[in-house]
Structures are given as C-alpha cells and as structure tokens.
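Q: The structure that follows is given in the form of structure tokens.
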Amino acid sequence: MNWNNYTSLPEKFRNQRVFDGCGISGYINIDGKRDSGDQIIDMLCILSERENGLGAGFAGYGIYPNYKDYYALHFLIDTEECKEKLLHYLDEVGYIIQSEPIPTLAPHNIDNPPITWRVFYEPKKKKSISEDEQVVQLVMHINEKFKGVFVISSGKNMGVFKGNGWSHEIADFYKIKDYKAYMWLAHSRFPTNTPGWWGGAHPFNLLGTSVVHNGEITSYGTNMRYLESFGYKCTLFTDTEVIAYLFDLLIRKHKMPVPIATMALAPPLFSNIETMEQNYQIALKNVRATYRSAMLNGPFSIVVGLTDPKPTLVGLSDRKKLRPLVAAISENDDSLFLSSEEASFKRLKLIEEYNFKNVWHPKSGTAIVARIGEGILRDGLEKPFEKINLKVEGAIRS
Amino acid sequence: MIENKNQKLEYEMKKKGSIQIDAAPNGRPLNYKDLNEKIHGALRNGYSKVVLNDVCGQRFIGASLQGDLKLEINGLPGNDLGIFMDGPRIVVNGNCEDQAGNTMNDGTLIIHGDGGDVIGLSARGGKIYIKEDVGYRVGIHIKEYKQKFPVVLIGGTAKDFLGEYMAGGLIIVLGLDIRDDGTVVESEYPICGGELGTGIHRGKIVLRTDEDLETRLGVGAKVYELKKETERTITPFIKEFCEIFSIPYEMIGHKPFQVIKPISKRPFGGNYCGNLI
C-alpha cells in the first residue's frame, strides 16, 4: 500500500498517466439479507490481473442499521488539527450524533496512516432547502475548501472504504469482513489514467449513490461543464466522479426512472432509433436532446448502487460493449451478482459450493436493474422500452 | 519399483500420456503464471494430454503451445485462452471468457458452453467451435493465407460487430439452442446484432437464418446467396461440429444459409492511398 496522498493529489502528479484495466464487482441480496464482506472480497480479489496495486475500494449498503436515519459521513483526514477543525465546522452547521474512528488495521511500521473517521450527522432543519441538498453542499464545500480532509461517502446506512493499494490490502486495512451489508460494490485498480491517491479511488459516492467504473469517460469535459451548471464541483481529477454526479442529478433531482436515466447516459444510436415505433422515437429523441451533455462517451462498464427510494443495484456498459460486464443470479433468485469477469462467480462456486441458476452477458447500453424487495426489474437483455409503461405526449423537440 | 497407489496411478497415467493438474489446490486458485508453468512442466515430462481441474479465470492457458497436444479444461478458463497457439487441441467443459483463440496459428478450441467477447481475435488459422452463444466482436480481423484458414463456428447466436475488419477465413453461426439435456431447438434470440461484418474485405460470414440481415449490415458488407462452392467448403466443418456436440445433422437443413461477403474485391481501396496505386 502507498501511505501518502490521502486527501488530495499533489500538483506534480496531475498530468501523469498510468494505463491499466479495472476489475469491478457487485451484488445485491434481493431479500434484504445482510452478508459479511467475505463474498465480495473473494469476487474482487480473483480479478487480480485487472489491478496494479494503485487503488481499491468497497461500498457496503445496510452496514449501519442502528444509525440508519442519519447521514454517515466517512472522512480521510491528514492530521489531528484538520480533524478538530472539521468537527468544529460540522458542529456549527448541523448536529453530530456520533463521531468515531473507522476501525482500521494499519501495519505497525507505518508512521503516518490516514485518520479514517466517521460522523453520523444530521443537518439543521431549513425550510428553503432539503436535507439531501444541504449534505451535498456540505460535501462539495469540505472537498473544495478544507485542506487535509476528504469526504469519501455521505449516504444513509451505507459507507465507502477505499485507498491506495491492492484490493486484498484495502479489504484487510478496513476490516471489510466485519461489516454486514445487503448490497456490496467493489473495485480494484485506479481511476483511469490518474496516478494514485486515496480519495481518488473508486467507489465514488454522493449521498446514497455509489459508482464503480471500468473504462474511461472521454466526454468528461462536456459532462463536467453540464454538471457545474447544476452546482456540482468536480474536484477529483478523474472521470468517474461525473457518473456519480450524473446519477444523482438524473435520479434524485430530476426524478427519472432508472431505465430511462440509463438511456440518457448510454442512448441508442440515432440510426437504431429511426427503426423504432413512433412514440419510442419521440421519447428517445427527446431524452437525447434534453440530456445531450449528460451522455457518456467512451468505453465503460459500471456498477451503481442507489438508495432512493429503495436500495437498487444497476449495471450498465457502453453501447458498443468496449468493456466487459457479466451477470449471474443465485439458485433461489434472491441475489443478483455483477462482475467484470465470470471468474468472480466461479470463485464463489469453488469455495462455498455456491450455485448459480444462470450466468449471462447483458446487452451493450442496456441497464440491468435489481431492487430490494422487488427482484430483478430488468435483466439487461430487453429492447429499450420493453417492460416500461410509456405514455408519450407532444412531439419531437428540435 | 512402484511403491504406493499414488505412484502407480501416476505411472499408469504417464503411460497413457495423460496428467491431471489441480488449478485450485485447497480451494485457492493458482496464479496464471504458476498454472502455465505446471502445464509446461507436464509437457516437458513427456505427457501429451493435460487435464486441468477447477480452473478459475486463469489467463493465457495454452499460450504459444506447439505440436500435437491435448488440453482438457474443467472450470472456467480466463481471458486469452489458447493465445498464439500452434497445433494443440483444447476442450473446455463449460464457458470461456473473452479473447479465446487470440492470434492463434493452428489447432482446435472446443468450448462446451458460452463464449465471451472478441473470440478468435486476429486468428490466423485453426478452428474455434463454440456450442452456445457468443458476445460482441467475434472473429474480429481473422485472416487467411494460402493453406492457413481460420474457422470460427458458433452453435448459438452472436451479438454486434460479428466479423469486424475480417480479412479472410470463415465464420459460421448456426442459431441453435443446444441445451444441457441434449435437446436441440432453434434459438429464440436474433442470429446476430448490428454492424455485421463492418469493414470486411476478405473471407465469408455464413449465417443459418431466414431473418432479414440487410438492415444490420456494417460498412462494406453485402448479403449473398449460398453458392455450391461455399456449401462444399462449410459442410465438413458443420458435420464435424454436429458430431462433437451431438446435434442431429438433419436439423441444419431446416433454415437457409445467408452469406456475408465484402461488397467488392477491394471495398476500401480508395480510402487510404487510392491515388497512389
């Protein structure tokens, strides 16, 4: 592991590029059963050929049932001084329900491991602005203005654990095995093309939305300017943060259903749209026109965790399928697994005699969606509007 | 002098030329380098058949192997199975991941399951037989030269960019659903995705389907009817495929074949240095 660059990326590294593949994994227990981190660690660590030791991270949903009504803020902090300043600020703008270190297992010979801290937080009630929005602004403010402090996650009843090292090292460091969650996301390697720093590792999180990503977003500039017009601040020197913010914008703020939001991010080609039914054409062309700058270009496969209204797992690959994504469902239909490689599922079979009912490759640009209590809503093999009750009004926007 | 049972077993297996390798001793999968070292070690010791058990995503299995060897894989081989292979026969009892048969020169790859994306990438020769469905960009840039003639045969269906930039050889897709219990029915999925044969400039893609392919063609590709000559070329491969995967050969005749070939002899001749030649 690399024991430096916890909360920011030094100026001298900002133009460096390190190319490699990424490994992503994730699963959701549709019945809401909470599992320890063992399975997700096995699923991720078997993809060791996809990582280079520059970063890994985990996101667990359902890990703080006792504090599920409060925002769980996870921090990476450089010094005690920075921490005091941060806690003082949080106390000023809201209520600290609980403030404690995140338990870690740093090797003894390390002098300066990061201070990993979590705060269960409640913003002050304001009429003019929702609690979610207050927390988003708080996160953006801390990440931009506070030196030596970085917010790695800010959702309710969930948390992100990430750092600069091999996936098994990060899993040991944060004691991932000790947490119990109904939905896990995991990622190995590093934000594409960026040198390593702790805060810049995946998963990227804002409120309940976490994203792990394999690939690169070449439309980063366009997406970033679009997001900045909505008040988001892209401060991480990496492409994946825009995906997290776009999901937050489309699903939390614009209240789009998940399958339509993924259509805005990875829309079908116009030549394909032309062959569809008239009302589908109107809908899709309008989605493309309205969210022109939200479209993600470049190769990617992503696994996204959402909490609103219920915990949801989403898998999506770019429309030309330039990055891999494989899905599997457990024998009794109660868990959906996603991974970069089928080896993750084979690994579970090897050690736990885990049996899968089906393993399949979702179609490119087609979302696979599973929600707690509702099952698999989309299996990634449907046509764009299949299973969607669509009512179209008006004509094509020009 | 054979002392114990294990040694006896080993001796007998060696006589038959076969050895088993556990790719995940105590449930912990070996690193791909160690596994490939073990395979090479076995071959150096004179075995001509290697059976790998509990393979779990190890990459580059059978890389650059030459000669008349056999590899049987139980489990899931990782990316680049049989990369640069020149002669061996690899049988996988299950699925394989992406890029199987990458730049292979000769030999046979038989997959009793699904294939991933980019199967047969830049293959220069040999045969790749896949029982079930495959992903995107299968047979990308396969090429032929004199007696070197790569064949990719898929029992199920394919997705987008089938035969992209194809420069020779043969891709056949049968569109069948060959189930585990041995029954064979027509697949419910479309035979292939869009951008079919985009950038093709030599070779043939043969699809067993009555679907309309015109709307799915990529740049430079055109649909042709099956000629007698092509039929003669594909028949032995299909017969061999049916035999390996126990498919009744009569079933093949239930649907017509359509052939995708370049639109002309040099479809992209003018694109780069047309004025110079």
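Q: Before we move on, is B:I244 buried (at least 19 other Cβ atoms within 10 Å of the Cβ) and either under 29 Å from A:E382 (Cβ atoms) or touching a residue at least 40 places away in the same chain (Cβ under 8 Å) (or both)?
A: No, not satisfied.
Q: If a residue must be open to solvent by 70 Å² or more (accessible area, probe 1.4 Å) and under 25 Å from the mean Cα position of the chain (by Cα), how many such residues does segment A:93-138 contain?
A: Residues in segment A:93-138 being open to solvent by 70 Å² or more (accessible area, probe 1.4 Å) and under 25 Å from the mean Cα position of the chain (by Cα): 3 in total.
Q: Just need a number here: residues in segment A:217-233 that are in a helix (DSSP H, G or I) and either of a type in the set (D, E, K, R) or closer than 19 Å to A:V369 by Cα (or both).
A: 2
Q: Let me ask something else. Take the conditions more than 14 Å from chain B (Cβ to nearest Cβ) and more than 25 Å from the chain's Cα centre (by Cα) and apply them to A:L390. Does it pass? Outline the logic, then answer.
A: On the way: more than 14 Å from chain B (Cβ to nearest Cβ): yes; more than 25 Å from the chain's Cα centre (by Cα): yes.
Spelling it out, A:L390 is indeed more than 14 Å from chain B (Cβ to nearest Cβ) and more than 25 Å from the chain's Cα centre (by Cα).
Q: List pairs: first residue in segment B:60-83 and under 13 Å from B:A23 (Cα atoms) and in contact (Cβ under 8 Å) with a residue 24 or more places away in the chain, second residue open to solvent by 30 Å² or more (accessible area, probe 1.4 Å) and assigned to a loop (DSSP other than H, G, I, E, B) anywhere in the structure, Cβ distance under 7 angstrom, at least six positions apart or on different chains.
A: B:G78/B:R59
Q: Any chance segment A:183-190 includes a residue that's among the charged types (D, E, K, R), on the phi > 0 side of the Ramachandran plot and in a loop (DSSP other than H, G, I, E, B)?
A: Yes, the conditions are met somewhere in segment A:183-190.
Q: Further question: So is A:A367 closer than 20 Å to B:D160 by Cα and surrounded by 22 or more Cβ atoms within 10 Å (Cβ to Cβ) or not?
A: For A:A367, the condition - closer than 20 Å to B:D160 by Cα and surrounded by 22 or more Cβ atoms within 10 Å (Cβ to Cβ) - is met.
Q: Please specify each residue of segment B:214-234 satisfying the condition of being under 18 Å from B:H254 (Cβ atoms), under 24 Å from the mean Cα position of the chain (by Cα) and not in a helix (DSSP H, G or I).
A: Listed by number, the list holds a single entry, B:L226.
Q: While we're here: Residues in segment A:197-213: is at least one part of a loop (DSSP other than H, G, I, E, B), modelled with pLDDT of 85 or more, on the phi < 0 side of the Ramachandran plot and open to solvent by 30 Å² or more (accessible area, probe 1.4 Å)?
A: no
Residue-by-condition table, conditions (1) open to solvent by 10 Å² or more (accessible area, probe 1.4 Å); (2) under 23 Å from A:L325 (Cβ atoms):
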position: B:L65; (1), (2): yes, no
position: B:I73; (1), (2): no, no
position: B:G78; (1), (2): no, yes
position: B:L81; (1), (2): no, yes
position: B:M85; (1), (2): no, no
position: B:R89; (1), (2): yes, no
position: B:G94; (1), (2): yes, yes
position: B:G101; (1), (2): no, yes
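Q: Here's another thing I want to ask about it. In this structure, does B:R137 turn out to be open to solvent by 10 Å² or more (accessible area, probe 1.4 Å), more than 22 Å from A:L322 (Cβ to Cβ) and either touching a residue at least 60 places away in the same chain (Cβ under 8 Å) or not polar (S, T, N, Q) (or both)?
A: For B:R137, the condition - open to solvent by 10 Å² or more (accessible area, probe 1.4 Å), more than 22 Å from A:L322 (Cβ to Cβ) and either touching a residue at least 60 places away in the same chain (Cβ under 8 Å) or not polar (S, T, N, Q) (or both) - is not met.
Q: If you don't mind, another one. Kindly indicate whether any position in segment A:376-385 is among the β-branched types (V, I, T), surrounded by fewer than 22 Cβ atoms within 10 Å (Cβ to Cβ) and within 14 Å of chain B (Cβ to nearest Cβ). Before you say what the answer is, go through the steps one by one.
A: Step one: filter segment A:376-385 for residues among the β-branched types (V, I, T), giving A:376.
Next, from what is left, pick out any that are surrounded by fewer than 22 Cβ atoms within 10 Å (Cβ to Cβ): A:376.
Subsequent filtering for residues that are within 14 Å of chain B (Cβ to nearest Cβ) retains none.
So far as segment A:376-385 goes, no, none of its residues is among the β-branched types (V, I, T), surrounded by fewer than 22 Cβ atoms within 10 Å (Cβ to Cβ) and within 14 Å of chain B (Cβ to nearest Cβ).
The values are calculated or read from the model by the stated rules, or taken from the named source; none is laboratory data. Please read these numbers as outputs of a predicted model, since none were measured by experiment. Glycine also receives a Cβ, built like all others from the backbone with ideal geometry; neighbour counts cover every protein chain displayed. Side chains are part of the model used for accessible areas, which takes the heavy atoms of the whole protein and leaves out ligands, DNA and RNA. Shrake-Rupley method; radii C 1.70, N 1.55, O 1.52, S 1.80 Å.
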